[in-house]
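Notes follow once the structure below has been shown.
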Amino acid sequence: MKKVTLNEMDEKIVAVVGMGMVTALGNNISHTWQRLLLGETGISLQQPFPELPKLPLATVTPRPTSPLVLLEQALEMALADAGYKTPLENCGVVIGSSRSQQGLWEKWAAGNYLEREFPWLSSLPQMLAIEVAKKLGVTGLVSSPNAACATSHWAIAQAVEWLQTQKCQRVILGAVESCISPLNIAGFAKLGALAKTKASPFDKQREGMVLGEGAAVLVLELQPIAHFRQSKTYGRILGFGLSNDAYHRTALDPDYQTAATAIKNCLQRSQIATEQVSFIHTHGTGTRLNDQREANLIKAVFPNHTFIISTKGATGHTLGASGMLGTVFSLLTLQQQILPPCVGLEKPEYNLNFVREAQTASLETALCLSFGFGGQNAVIAFGN
C-alpha cells in the first residue's frame, strides 16, 4: 500500500473502519445491538462460586470466560469487518484492561495450580496486548494501559495521538474484562457497591453496580488512509479530555470541577460546543454516589434537551472495558440514528432527558463519559 502522509492530505481525522464486540447480551455486535434496542438485559442471578451467595452478574457464557478468549473473538470480528489481512504493516496495538488475567492469579493463590504449572509469564497484564501483536505480526508500537474504569478512554486517547503524530497509520484498539472472580466480588461487596437484584442506573431505587464481562476491538485509520482504501466508516473520533480528581483512592470528588475540565478540554479539542452534543453515553454505574455526581455534572454543563443514554443495565459494568463498549454503542447510535433505551431505568431520580425507549433522532455528535477509581475522568467525542 502506498504510504499516505498527513502533509499530502492535511488531515488528522481519525476514522473507525472496523469493530468487533462480545458481551453478555450477544456474541457479536449485531446480536448485542438488537437486544439493546429491545431493552433486554444480559444480567441474571448466578452463583459461579459456591463459597459466595447468588448475585446478579453479566457473563458471556454460563461460567466466567478467559479475557484472552473474549479478546480474540472480538479481534477476529473487527479484522474481518475492516477487511484486514495479516501481517499488518505500520500498525500499532493498544489493548486495555483493568483486571487483565487476575482470575489466573486467584486460582493459583487458591491452590488450583502447582507452582511449576502456573503460567505466570502469560498472565502478566501486558501480555494481552503482546498476544494480539504476535497474532497480527505487528512489530511497531504496542501498549497496555490500565486506568481502572477509565482504561478504555485512555487507550483511545493514546491510539488517537499515535495516529495524529504519524507514529503509525492504523491502530488495533481494544479493551477486555473478565472480572467475575471471588476477589473482585468480595472487594466490591466490602465497598457496598454491588446490587442484589439488578442494575438500574440513575433510578430512584438503584441498588449498585452489577459486574459484567466483555470485549470490544476497533480498527482505527487516519481518514486519508480510509479514503485511499475506500473503507466503510462507522464514525470519527473528534477528540478526548482527561483529568484526575487527586481526591481519594476509590471515591470520586463530589465537587465535579475536574470532571468538568475533562469535558471542556474534550470539546475544545473536538471544536464543538455543549449545545452541539446530540447525546451523552453516561458512565452510569448504578451506585448511589457515582450516578448522583454524574447527573449533577451533566445538569451543570449541558442543556436540558441533550439525550442521555446508559447501557450498563444491559451489559453490566465491565470495568476497564466499559468505555470501549460505550464507544461501540455511541458509534452505532450515530451511524443508525437510533438512540437505545436506558435499560433498567424505571423511575429516574434526576431531571435529565433520559431515553426510555429506542427512538430515531437527528444525531451528529456524541460524548462518552468514563470515571475510574483514583478520580480518573475521561471523555471521548464522536462524530458521524
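Every number here is computed from the coordinates shown, using simple stated rules; none is lab data. For clarity, every value in this text was computed on a predicted model and none was experimentally measured.
Could you state the number of Å between the C-alpha centres of the range 300-362 and the range 9-69?
The range 9-69 and the range 300-362 have Cα centres separated by 16 Å.
When the helix-only estimate is applied to the chain (DSSP H runs of n ≥ 4, each -39,500 (n - 2.57), divided by the residue count), what is the mean residue ellipticity at 222 nm, nearest 500 deg cm²/dmol?
After summing the helix terms and dividing by the residues of the chain, the value is -9500 deg cm²/dmol.
Relative contact order of the chain, please, whole-number percent, based on alpha carbon pairs below 8 angstrom and at least 6 residues apart.
With pairs under 8 Å counted, the relative contact order is 24 percent.
Please report the antiparallel percentage of DSSP beta bridges with both residues in the range 237-383, rounded to the nearest 5. Display every interim value, and only then the final one.
Numbers: 17 of 25 bridges.
Of all bridge pairs located within the range 237-383, approximately 70 percent are antiparallel.
Tell me which lysines have Cα within less than 30 Å of LYS198's Cα, excluding those fewer than 8 residues away on the same chain?
The reachable lysines, counting only those whose Cα sits under 30 Å from LYS198, are LYS54, LYS107, LYS190, LYS299, LYS312, LYS347.
Compute the Rg/Rh shape ratio of the range 13-229: radius of gyration over Kirkwood radius, all on alpha-carbon atoms.
Ratio of gyration radius to Kirkwood radius: 1.00.
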